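Trainee: Supplied in structure tokens, the structure appears directly below.
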Amino acid sequence: MNLNTFISKATAPVNFITSWEAPSNIALIKYWGKEHIQIPKNPSLSFTLSSSVTKTSVNFKPSNSENFDFDFFFDGTLRPDFNPKLLTFFKNIEYYIPWINGYKLIIKSNNSFPHSSGIASSASAMAALSLCLMDLEKYLFPKMSEAFFYQKASFLARLGSGSASRSIQGPVTIWGENKTLKNSSNHFAISFGDGLNKIFNSYQDTILLVDKGAKSVSSSKGHDLMHNNPFAENRFLQASNNLDLLLPIMKSGDLESFIKIVELEALSLHAMMMTSKPYFILMKPNTLEIINKVWEFRTSQKLPICFTLDAGANVHLLYPLAYKKDISTFIDQELKVFCQNGQYISDQVGKGAIKF
Ligand code: PMV
């Protein structure tokens, strides 16, 4: 596609305030490995979450100087330590929103999930901020279509953090080119669209907080290490093939097949970490304890529960809403003990970002 369609022609600076809430997401088909800037080596697919969200308000103030400036507040406190990451983001998107140079931005953000819970907040944070930026563009160009609004928001978010492109819409999004999905793109995520089996609209995600500390290896470093991983090419192929297999399953609701692909993807992601140079492990002993308990429970109770992992030690338990009662008892009786301070977050598939 011609990316020039994303270059804004907006000029006149206006005083404007907007607030957006964007959700976190959990990938079922994992993105791990990229080219500059956030062009994925394979397509990915995720559940958009519902209660794990970032809320961001931006006050756009026309500035006298030509220099772009911003203040970032997190939980009500000015946090200049976030500035380098935000500055890189603004540099990456400046070409597409040249009007930004006429402004000083006051950005205020907070997360619904506990601070430092080990849940990556960059996806929801970059998505919420991108939606605020798009809201100003929409104000300046009221005829902008809704489709373009969300597409460019996802495009901008991707330039902040790849997985953020999938945190704009819901309930299931796909980012990265796939031959069977004609409108799929490496530049922005698209919604699954028609035909999603209704069981997935209310799918549950209980996030077991195994380790709330900072990760020993960041995602950016992990992506980077894929350049020299001897298994990388096969992994990119495997992920693409797994997406091809998963797409019809998301329509049929065949949970047995769903579980096999989702768990294979989670373990393949971590296998890449273990085979990078230098190698690293982000799972903790309790991650494996939980996985084994889930497998035992699934076999004995014949309930369609499975796990996935992101780049960390926490475990996401995925299951249909209909089994919530039984699975909550299982979590409280057998899994909670493996969580740091017994903490977990009960979330579920959500509809996407909202303005508030
Ligand atoms: O968006 P990033 O650069 O933080 O990478 C996210 C990588 C995983 O969470 C491990 C997988 C994914 O697709 O979200």
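The values are calculated or read from the model by the stated rules, or taken from the named source; none is laboratory data. Predicted model, so just to flag it, every value in this text is computed and none were measured. Using ideal geometry, Cβ is built from the backbone for each residue, glycine included, and neighbour counts are taken over all protein chains shown.
Trainee: I'd like to verify a number: residues in segment 165-187 that are in contact with a Ser or Thr (Cβ under 8 Å, 6 or more places away or on another chain), more than 15 Å from Gly350 (Cβ to Cβ) and within 14 Å of the ligand (Cβ to nearest atom), how many?
Mentor: Counting residues in segment 165-187 that are in contact with a Ser or Thr (Cβ under 8 Å, 6 or more places away or on another chain), more than 15 Å from Gly350 (Cβ to Cβ) and within 14 Å of the ligand (Cβ to nearest atom) gives 4.
Trainee: Restricting the first residue to segment 220-242 and requiring it to be hydrophobic (A, V, I, L, M, F, W, C), which pairs with a second residue that is away from the ligand (no atom under 13 Å from the Cβ) and part of a helix (DSSP H, G or I) meet a Cβ separation below 8 Å and a spacing of at least six or different chains?
Mentor: Note: pairs meeting the criteria are Met226/Ala232.
Trainee: Do any residues in segment 292-318 that are more than 12 Å from Leu208 (Cβ to Cβ) have Cβ atoms under 8 Å from those of residues that are assigned to a helix (DSSP H, G or I) and of a type in the set (Asp, Glu), where the two are at least six apart or on different chains, and which pairs are they?
Mentor: Final answer for the pair search is Phe297/Glu334; Gln301/Asp326; Leu303/Asp326; Pro304/Glu256; Cys306/Glu263.
Yes or no, residue by residue, for (1) over 19 Å from Ser167 (Cα atoms); (2) in the same structural domain as Ala311 (by TED's automatic domain parsing); (3) within 16 Å of the ligand (Cβ to nearest atom); (4) out of contact with any Phe, Trp or Tyr (no Cβ under 6 Å at 6 or more places or on another chain):
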position: Asp75; (1), (2), (3), (4): yes, no, no, yes
position: Phe89; (1), (2), (3), (4): no, no, yes, yes
position: Ser124; (1), (2), (3), (4): no, no, yes, yes
position: Met134; (1), (2), (3), (4): no, no, no, no
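Trainee: Here's another thing I want to ask about it. Can you name the condition, by its number, that Leu105 falls short on among (1) out of contact with any helix residue (DSSP H, G or I) (no Cβ under 6 Å at 6 or more places or on another chain); (2) under 23 Å from Ser24 (Cα atoms); (3) among the aliphatic types (A, V, I, L, M)?
Mentor: Here Leu105 meets the rest and fails (2).
Trainee: Is one or more of the residues making up segment 222-231 outside any helix (DSSP H, G or I), aromatic (Phe, Trp, Tyr) and surrounded by 14 or more Cβ atoms within 10 Å (Cβ to Cβ)?
Mentor: Scanning segment 222-231 turns up at least one residue that is outside any helix (DSSP H, G or I), aromatic (Phe, Trp, Tyr) and surrounded by 14 or more Cβ atoms within 10 Å (Cβ to Cβ).
Trainee: For segment 39-74, enumerate the residues that are modelled with pLDDT of 95 or more and part of a loop (DSSP other than H, G, I, E, B).
Mentor: Across segment 39-74, the qualifying residues are Lys41, Asn42, Pro43.
Trainee: Another question, then. Of the conditions (1) more than 10 Å from the ligand (Cβ to nearest atom); (2) under 27 Å from Ile97 (Cβ atoms); (3) of a type in the set (S, T, N, Q), Ser51 fails just one. Which one is it?
Mentor: If we test Ser51 against (1) more than 10 Å from the ligand (Cβ to nearest atom); (2) under 27 Å from Ile97 (Cβ atoms); (3) of a type in the set (S, T, N, Q), just (2) comes out false.
Trainee: Checking the condition in contact with a helix residue (DSSP H, G or I) (Cβ under 9 Å, 6 or more places away or on another chain) and either closer than 30 Å to Lys260 by Cβ or assigned by TED's automatic domain parsing to the domain that holds Asn178 (or both), which residue from Lys61, Lys85 passes?
Mentor: Step by step, each of Lys61, Lys85 is checked, and only Lys85 is in contact with a helix residue (DSSP H, G or I) (Cβ under 9 Å, 6 or more places away or on another chain) and either closer than 30 Å to Lys260 by Cβ or assigned by TED's automatic domain parsing to the domain that holds Asn178 (or both).
Trainee: Out of the strands (runs of 3 or more DSSP E) lying entirely within segment 96-212, which hold 3 or more residues that are surrounded by fewer than 24 Cβ atoms within 10 Å (Cβ to Cβ)?
Mentor: In segment 96-212, the matching strands (runs of 3 or more DSSP E) lie at 103-111, 204-208.
Trainee: Within segment 278-316, work out how many residues are within 19 Å of Leu49 (Cα to Cα) and over 23 Å from the mean Cα position of the chain (by Cα).
Mentor: The qualifying residues number 0.
Trainee: Another one. Go through (1) within 16 Å of Leu45 (Cα to Cα); (2) more than 13 Å from the ligand (Cβ to nearest atom); (3) touching a helix residue (DSSP H, G or I) at 6+ places or on another chain (Cβ under 9 Å) and name the single condition Phe231 misses.
Mentor: Looking at each condition in turn, Phe231 falls short on (1).
Trainee: Still on this structure, I have one more. State whether the residues of segment 10-24 include one that is closer than 16 Å to Ala157 by Cα and either within 11 Å of the ligand (Cβ to nearest atom) or modelled with pLDDT under 95 (or both).
Mentor: There is at least one residue in segment 10-24 that is closer than 16 Å to Ala157 by Cα and either within 11 Å of the ligand (Cβ to nearest atom) or modelled with pLDDT under 95 (or both).
Trainee: Do the conditions hold for Ser109, that is, is it among the hydroxyl-bearing types (Ser, Thr, Tyr), under 19 Å from Ser52 (Cβ atoms) and within 16 Å of the ligand (Cβ to nearest atom)?
Mentor: No, not satisfied.
Trainee: If you check Asp224, Asp211, Asp194, which single one turns out to be within 16 Å of the ligand (Cβ to nearest atom), among the acidic types (Asp, Glu) and modelled with pLDDT under 95?
Mentor: Asp211
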